[in-house]
Amino acid sequence: MIDDGNMCDRNFVAYLPDRFAKVSQSSIAELAQEPLGRPCSLRSYVVETSERAWITPIDQLTCEEARMLVSQKLGLAHICEHVAEFVYLYPRAEVSFYRGDFTLCVLRAFAEIKRASLLSVQRICDANLDSMVEALSWSRPLLKEAVELVAHARESAK
């Protein structure tokens, strides 16, 4: 269990078993063989972080860049196994905002992850998702959303 606070700038793959570092030395842009999209004139934190994450080798992504890719549902076909393993190992991890924020982003992108990899879906559902839900008990809206997303994930994984 990661219990040392915000992981935003830490290396994402460093928290995963070694087998992920060995196969993750390309960027999503290289793997997808396409640019992220048309250049965006809006220069927000989300846009800049997503653009940077798209061209960063997967083994060099920060936890925040990985969270941003998931939250924007970008490149999931290339990182869903990494994401699923991270959630399995650290369902309560605080990446940027609060304990469980990464897992909540993953559950919000569950349908897209399911389209990319049924093995990833199973790994996510095998995680202790109830501990992530408990971590969100301080916020009724987040708690309600988490309970609904966990129930939906478990049902759709059957």
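Tabulated data for the structure shown
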quantity: Most to least accessible of R108, R67 (protein chains only, probe 1.4 Å); calculated: R108, R67
quantity: For region 16-98: relative contact order, % (alpha-carbon pairs under 8 angstrom, 6 or more apart); calculated: 33 percent
quantity: Set of lysines with alpha-carbon distance to K114 below 18 Å, sequence-local pairs under 8 removed; calculated: K73, K158
quantity: Solvent-accessible area, 1.4 Å probe, carbon plus sulfur percent, for the chain; calculated: 52 percent
quantity: Relative contact order (%) - criterion: Cα under 8 Å, at least six apart; region: the chain; calculated: 23 percent
quantity: Rg/Rh (Cα only; Kirkwood hydrodynamic radius) as it applies to the chain; calculated: 0.95
quantity: Highest-first arrangement of 84-95, 68-79, where packing means the average Cβ count within 10 Å; calculated: 84-95, 68-79
quantity: Helix-only [θ]222 nm of the chain, DSSP H runs n ≥ 4, -39500 (n - 2.57) each, per residue, nearest 500; calculated: -16500 deg cm²/dmol
quantity: Accessible area of the chain divided out per residue, in Å², using a probe of 1.4 angstrom; calculated: 52 Å²
quantity: Theoretical gain in end-to-end length, R108 to D9 [0.36 nm per residue, Cα-Cα removed]; calculated: 33.4 nm
quantity: Distance in nm between pseudo-label sites at S131 and S26 (7 Å out along the Cβ direction from Cα); calculated: 3.4 nm
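The values are calculated or read from the model by the stated rules, or taken from the named source; none is laboratory data. These figures come from a predicted structure and were not determined experimentally. Cβ: placed from backbone, ideal geometry, glycine included. Neighbour counts: every protein chain shown. Areas reflect the complete protein model, heavy atoms only, side chains present, ligands, DNA and RNA absent. Shrake-Rupley method; radii C 1.70, N 1.55, O 1.52, S 1.80 Å.
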